[in-house]
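Student: Got a structure for you, questions after.
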Amino acid sequence: MDLEAFRSLPEWPMILRDSWETNAGWWQAGFTEGSDAEYEEQIKPIVRVGLGGARRILDLGGGDGQLARVLAADGASTVVLDSSVAQLQTAHHRGSSVVLATGAALPFRDGSFDGVLICLVLEHVVELDEVLAEVARVLEPGGRFLLMLNHPILQTPGSGFIDDVDLGEQYWRLGPYLREDIQMEEVDAQIFVPFVHRPLSRYLNGASARGLMLVRMEEPPPPPGFVARAEEYRQVQEYPRLLVLHFERRA
């Protein structure tokens, strides 16, 4: 569905909130507490390096708080912010400090943090510009913003591997890349979550316009633990599933 048309629906906030509230248990069972190879082998190490040394970190859209706890173990004071009550209840039970709110209206003073983390969240969020503005506001000058996304170039609607039987070739089909839209995708049996597709330029230009300067970009290959899950996953070793963007707040 066209993103602007979706935003015109009066019920869109409830659609997004309810999808994550309903699926919180599925997420916690499959992606936290050491259950997911991508988090254990790739995402957690990137987070520790990218925000290493930060003292006050906001994990925006942090779910059950697994990444905030990794950073807290390294000595940072961390806050997990999410709009899902079910996620925050688990985060609190597992030892995280939690705040119930949305990224478009952060309940913190200007310059409250020297680090902000958003991991695999903005591709599920409609209010991109509002969230980026709030991130810039709550970051102190020189503070770091670590943004991790499903790679937008390879996660376009309708993308995926195509087996060309006639030519004996396999290639990646790229869906409409420049069009911004939102889809409810079935990521597991009867598990539907919203995916918002935007071109990479929307993230980079949106951040730059709000005083967030890109200092590094990473496109790591899938980690061995992910590739080992199934034989067909060996075909994606040369395709980055993850995009990592490191920003600094300009003075």
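The values are calculated or read from the model by the stated rules, or taken from the named source; none is laboratory data. What you see is a predicted model, and the numbers here were worked out from it, not measured in a lab. Heads up, the Cβs are rebuilt from the backbone with ideal geometry, glycines too, and the neighbour counts pull from every protein chain shown. In case anyone asks, the SASA skips ligands and DNA or RNA and just uses the protein heavy atoms, side chains included. Shrake-Rupley method; radii C 1.70, N 1.55, O 1.52, S 1.80 Å.
Student: Could you list log10 I(q)/I(0) for the chain at q = 0.07, 0.13 Å⁻¹, which the Debye formula gives when each Cα is one point scatterer?
Tutor: -0.23, -0.84
Student: While we're on this one: What list of whole percents do you get for P(r) of the stretch 61-112, with Cα-Cα distances grouped in 5 Å bins up to the one holding the largest distance?
Tutor: Percent of Cα pairs in each bin: 5, 24, 29, 23, 16, 4.
Student: Rounded to the nearest 10 Å², what accessible area does residue 156 have for a 1.4 Å probe in the complete protein model?
Tutor: Accessible surface of residue 156 is approximately 0 Å².
Student: Provide the solvent-accessible area of residue 187, counting protein heavy atoms only and rolling a 1.4 Å probe, rounded to the nearest 10 Å².
Tutor: Surface open to solvent at residue 187 totals about 60 Å².
Student: So for each of 8-21, 120-133, 204-217 I average, over its residues, the number of other beta carbons within 10 Å; can you give me the resulting order with the highest mean first?
Tutor: Answer by packing, highest mean first, reads 120-133, 204-217, 8-21.
Student: Then there is this: Just to check, using Stokes-Einstein with a Kirkwood Rh over alpha carbon pairs, what's the diffusion coefficient of the stretch 1-43 at 25 °C and 0.890 mPa s in µm²/s?
Tutor: D = 196 µm²/s.
Student: Moving on. Round to a whole angstrom and tell me the spacing of the C-alpha centers of the stretch 168-228 and the stretch 1-51.
Tutor: 13 Å
Student: Same structure, new question: How far apart, in nanometres, would the label points at residue 186 and residue 228 be if each is projected 7 angstrom from Cα along the Cα-to-Cβ direction?
Tutor: Reported label-point gap for residue 186 and residue 228 is 3.1 nm.
Student: What nm distance separates the two modelled labels at residue 239 and residue 8, each placed 7 Å from Cα along Cα→Cβ?
Tutor: 3.4 nm
Student: Considering Cα pairs under 8 angstrom that are at least six residues apart, work out the relative contact order of the stretch 11-117 and quote it in whole percent.
Tutor: That works out to 26 percent.
Student: Take the solvent-accessible surface of the protein heavy atoms, probe 1.4 Å, and return the percent of it on the stretch 39-172 that carbon and sulfur atoms account for.
Tutor: 51 percent
Student: Can you give me the P(r) profile for the stretch 169-251? Cα pairs, bins 5 angstrom wide beginning at 0, each as a whole percent.
Tutor: 3, 11, 14, 17, 22, 18, 10, 5, 2, 0, 0
Student: At 7 Å along Cα-to-Cβ for each site, give me the label-to-label distance between residue 251 and residue 169 in nm.
Tutor: Output for this residue pair reads 5.3 nm.
Student: What full-extension length gain, to one decimal in nm, is calculated for residue 219 and residue 124 as 0.36 nm per residue of separation minus the Cα-Cα distance?
Tutor: Gain on stretching residue 219 to residue 124: 32.2 nm.
Student: List the equivalent ellipsoid semi-axes of the stretch 75-167 in whole Å, largest first, each obtained as the square root of 5λ for an eigenvalue λ of the Cα gyration tensor.
Tutor: 32, 17, 13
Student: Taking a spot 7 Å from the Cα of residue 89 along the direction of its beta carbon, which residues of the stretch 16-43 have an amide N less than 20 Å from it?
Tutor: 16-33
Student: Starting from the stretch 145-247, pick out the GluC sites (Glu not before Pro) whose DSSP state is loop and whose Cβ has at most 16 other Cβ atoms within 10 Å.
Tutor: Counting only loop positions with at most 16 other Cβ atoms within 10 Å, the GluC sites (Glu not before Pro) in the stretch 145-247 are 180, 238.
Student: Under 8 Å for C-alpha pairs, at least 6 residues apart: give me the relative contact order for the stretch 115-213, rounded to a whole percent.
Tutor: 29 percent.
Student: For the stretch 27-113, what is Rg from Cα atoms divided by 2.2 N^0.38 Å, rounded to two decimals?
Tutor: In units of the 2.2 N^0.38 Å rule of thumb, it is 1.04.
Student: If you take every DSSP beta bridge whose two residues both sit in the stretch 113-251, what share of them, in percent to the nearest 5, is antiparallel?
Tutor: In the stretch 113-251, DSSP labels about 80 percent of beta bridges as antiparallel.
Student: State in Å² the accessible area per residue of the chain; use a 1.4 Å probe, count heavy atoms of protein chains only, and round to the nearest integer.
Tutor: 48 Å²
Student: Suppose only helical runs count, i.e. DSSP H with n ≥ 4. What mean residue ellipticity at 222 nm does that imply for the chain under -39500 (n - 2.57) per run, divided by all residues and rounded to the nearest 500 deg cm²/dmol?
Tutor: Rounded to the nearest 500, the figure is -8000 deg cm²/dmol.
Student: Next question. Suppose we keep just the DSSP beta bridges with both residues in the chain; what percent of those would be antiparallel, to 5?
Tutor: 60 percent
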